[in-house]
1. For the stretch 63-105, what are the residues that are within 18 Å of ARG133 (Cβ to Cβ) and aliphatic (A, V, I, L, M)?
2. Could you list, in sequence order, the residues of the stretch 26-60 that are closer than 22 Å to LYS85 by Cβ and either touching a Phe, Trp or Tyr at 6+ places or on another chain (Cβ under 8 Å) or surrounded by 19 or more Cβ atoms within 10 Å (Cβ to Cβ) (or both)?
3. Hand me the list of strands (runs of 3 or more DSSP E) wholly inside the stretch 26-101 holding 3 or more residues that are in contact (Cβ under 8 Å) with a residue 60 or more places away in the chain.
4. Report yes if some residue within the stretch 78-88 is at pLDDT 95 or above, among the acidic types (Asp, Glu) and under 25 Å from GLN139 (Cβ atoms); otherwise report no.
5. Among the residues in the stretch 128-145, are any among the charged types (D, E, K, R), open to solvent by 30 Å² or more (accessible area, probe 1.4 Å) and within 16 Å of the ligand (Cβ to nearest atom)?
Amino acid sequence: MDKRKIIKVYIHHSALSPDVGLEAIRELHIQRGFDDIGYHFVIEKNGEIRKGRDINTQGAHVKGDNAESIGICVCGNFEETCPNKIQIKTLITLLNKLFRKFGELQILGHKDFSLADTLCPGKYLYESLPDIRKKLRIQKQTKDD
Ligand SMILES: [Zn+2]
C-alpha cells in the first residue's frame, strides 16, 4: 500500500463527556455513515492513546482537509472544561512520535481550517496549542544537542 503524504495534524475534542472513549465514538461515527471512526488516535480521560483509523488510511475528521492530515481526538468537551494534565502530556508524547516518523508537522486545531464551522477542539484545548507547539520545539532542540 502506498504511504500517504502527511503534512499536518488536526487536534479535536469529542465534545462529549470525558467518559466516552474510543469504542463509543467509533459507534457514533459508524451510525453517521462513516466506514470506521474518523480519527486516527483518541486520547482517553486516563491519558491512554487508543488507535482509531489506520494512519495510512485517510481520516474523516476535517471536511475538506483529510487528505494530508492526521486526526487526534482528545476526550472531553473543552468548551466547558480544561483537558486534564495527563491528556496534554500524552498528546505531546504522541505528537513527538509522529514528528519522529513524519518529520515536523503543522499542529492545528480543527477550527483553524478556514472552511470549518466549528468550536472544535474547544477553547480550553485550543488555548493550550501554542504551549504544546513550544514544548515540541524544546524537546526537538534537546534531542538535537
Ligand atoms: Zn473536530
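The values are calculated or read from the model by the stated rules, or taken from the named source; none is laboratory data. The structure presented is a predicted model; accordingly, all values stated were derived computationally and were not measured. Every residue, glycine among them, receives a Cβ derived from its backbone with ideal geometry; neighbour counts consider all protein chains shown. Quick note on the areas: whole protein, heavy atoms, side chains included, nothing else; ligands and nucleic acids left out. Shrake-Rupley method; radii C 1.70, N 1.55, O 1.52, S 1.80 Å.
1. Matches in the stretch 63-105: ILE70, ILE72, VAL74, ILE88, LEU91, ILE92, LEU94, LEU95, LEU98, LEU105.
2. As a first pass, look at the stretch 26-60 and keep what is closer than 22 Å to LYS85 by Cβ: 39, 41-50.
Answer for the stretch 26-60, where residues must be closer than 22 Å to LYS85 by Cβ and either touching a Phe, Trp or Tyr at 6+ places or on another chain (Cβ under 8 Å) or surrounded by 19 or more Cβ atoms within 10 Å (Cβ to Cβ) (or both): TYR39, PHE41, VAL42, ILE43, GLU44, ILE49, ARG50.
3. Numbers: elements: 41-43, 49-51, 69-74.
Where strands (runs of 3 or more DSSP E) fall fully within the stretch 26-101 and carry at least 3 residues being in contact (Cβ under 8 Å) with a residue 60 or more places away in the chain, they are 69-74.
4. Looking only at the stretch 78-88, we keep the residues that are at pLDDT 95 or above, and these are 78-88.
Now restrict to residues that are among the acidic types (Asp, Glu): 79-80.
This time we only want the ones that are under 25 Å from GLN139 (Cβ atoms), so: none.
No, the stretch 78-88 contains no residue that is at pLDDT 95 or above, among the acidic types (Asp, Glu) and under 25 Å from GLN139 (Cβ atoms).
5. no
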